[in-house]
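So the structure is just underneath, and the comments pick up after that.
The values are calculated or read from the model by the stated rules, or taken from the named source; none is laboratory data. All values derive from a computational prediction rather than experimental measurement. Here Cβ is always computed from backbone atoms with ideal geometry, including for glycine, and neighbour counts include all displayed protein chains. Ligands, DNA and RNA are stripped out before the accessible areas are found, and what is left, the full protein with its side chains, is counted by its heavy atoms. Shrake-Rupley method; radii C 1.70, N 1.55, O 1.52, S 1.80 Å.
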Amino acid sequence: MSVYRQVFDEVILFQKSDPSRLYNLRCSQLPYCPRSVILNHAHKPGLMSLDMRGSFYVSVGTVVHTVMQSYLSQSGQFLADYECKECGTKYPLSHVTECCGFPTLYEEVTIDVGTKKGKHGIQGHIDGIFKDSKGRYWIIDFKTASVKGAVAKEKSPGEGYMRQVRAYAVLLRRQYGITVKGVMLIFIPRDNPRPENIKVWESTMSEKDFENGIEELKADKKLHKRTMHATTLEEVLDLFKTRCGSPYCTHCKIPKSELPKIVKRILPKLPIQEQGKK
């Protein structure tokens with residue numbers, strides 16, 4: 001147990017990160033945090049670090065997503081990209097859950113808007129697009145939590161989660177011409193995933209919500225572009241005025257008085273976009 005405690009508290013592993021996750025805005029980054037992006041890049045450019053706690057959390061979340069999508073998709077009510085592992089036939093944006101006598105493989109619908117060479121676009125993957133009994137589509141995003149945490153998240157899921165699913169709704173219409181009725185956040189307890197413990201937050205999308213979502217994403221893209229190209233102390237400090245609002249963001253908690261000294265040390269590693277081309 002002493003070894004476990006030591007590893008849990010002290011060991012950090014690094015692996016190469018996917019540049020596209022940095023050089024293009026991702027829905028999972030919303031609300032966008034320039035401080036987090038710049039400071040993480042300055043610390044270990046091109047690398048992603050995780051301690052044991054973070055690795056456990058991410059791995060459990062990945063497994064939960066895979067299980068939920070594999071089983072729920074067999075209901076035939078999820079619009080997705082399916083593939084037959086027997087004959088290799090692909091069924092994009094469909095409800096084809098069987099081919100060659102076997103279940104097809106569920107693949108998340110990809111969002112990729114405006115990511116042309118040299119341009120800043122928006123990327124992401126939608127966990128689920130659910131078709132209800134009235135033929136209406138809903139964006140679904142699966143989140144893991146504890147039994148107690150799921151109850152709290154149902155009432156107040158947090159600005160980041162809500163911004164993420166609403167962005168998916170806006171971009172699904174933009175890229176595929178599909179308008180959804182609303183969005184849902186499905187909170188699945190890691191410690192007891194029985195149906196009665198799963199909690200759902202949902203919200204319908206009005207036309208005004210779609211319009212507001214477009215304006216929010218435009219602002220996010222501008223902020224992201226400024227982050228990628230910032231080079232001077234003044235530019236970075238101006239970006240650092242924006243805070244993501246997450247209670248878990250340690251970068252946003254750095255005192256304002258300490259920022260100039262920190263920024264001066266990281267300026268040689270900027271701009272982020274140019275460093276990524278080397």
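Data overview
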{"quantity": "Amide H contacts under 5 Å for GLY128, placed H, 5+ residues apart", "calculated": "ILE140"}
{"quantity": "Percent accessible area from carbon and sulfur atoms, region 140-215, protein chains only, probe 1.4 Å", "calculated": "48 percent"}
{"quantity": "Neighbour net charge for ILE126 - beta-carbon separation under 9 angstrom, K R +1, D E -1", "calculated": "-3"}
{"quantity": "Percent antiparallel among DSSP beta bridges (both partners in the chain, rounded to 5)", "calculated": "75 percent"}
{"quantity": "LYS264 versus GLU196: modelled label distance in nm, points set 7 Å from Cα along the beta carbon direction", "calculated": "6.2 nm"}
{"quantity": "Protection-proxy order for peptides 154-162, 257-265, 27-35, each taking the mean of Cβ atoms within 10 Å per residue, highest first", "calculated": "27-35, 154-162, 257-265"}
{"quantity": "Radius 13 Å from Cβ of GLY149, net charge of other residues (Lys, Arg +1; Asp, Glu -1)", "calculated": "+4"}
{"quantity": "Choice from THR66, THR110, THR179 with maximal GNM fluctuation in the chain (Cα, 10 Å cutoff)", "calculated": "THR66"}
{"quantity": "Compactness of region 73-207 as Cα Rg over 2.2 N^0.38 Å, two decimals", "calculated": "1.14"}
{"quantity": "Region 166-171 - phi-based ³J(HN,Hα) in whole Hz, Karplus 6.51/-1.76/1.60, Gly and Pro as x", "calculated": "5, 5, 4, 4, 5, 6"}
{"quantity": "Accessible heavy-atom area order of THR250, THR104, highest first, probe of 1.4 Å", "calculated": "THR250, THR104"}
{"quantity": "Region 117-164 and region 47-73: distance between their alpha carbon centers, rounded to Å", "calculated": "15 Å"}
{"quantity": "30 Å Cα-Cα threshold exceeded, pairs from LYS44/LYS261; LYS155/LYS225; LYS134/LYS218", "calculated": "LYS155/LYS225; LYS134/LYS218"}
{"quantity": "Table column - 3J(HN,Hα) (Hz), region 252-265, Karplus curve with 6.51, -1.76, 1.60, x for Gly and Pro", "calculated": "6, 8, 5, x, 4, 5, 8, 5, x, 5, 5, 5, 4, 6"}
{"quantity": "Label point distance in nm, ASP51-MET1, each placed 7 Å from Cα along Cα→Cβ", "calculated": "2.0 nm"}
{"quantity": "Built amide H within the under 5 Å cut-off of SER146, gap 5+", "calculated": "ARG190"}
{"quantity": "Distance (nanometres) between label positions extended 7 Å along Cα→Cβ at VAL67 and ARG173", "calculated": "3.5 nm"}
{"quantity": "Residue of ILE111, ILE254, ILE129 that the Gaussian network model of the chain assigns the largest fluctuation, springs spanning Cα pairs under 10 Å", "calculated": "ILE254"}
{"quantity": "3J(HN,Hα) from dihedral phi, region 146-155, Karplus parametrisation 6.51/-1.76/1.60, rounded to Hz, x for glycine, proline", "calculated": "8, 4, 5, x, 4, 4, 5, 5, 4, 7"}
{"quantity": "C-alpha center-to-center spacing [region 167-237, region 80-113] in angstrom", "calculated": "25 Å"}
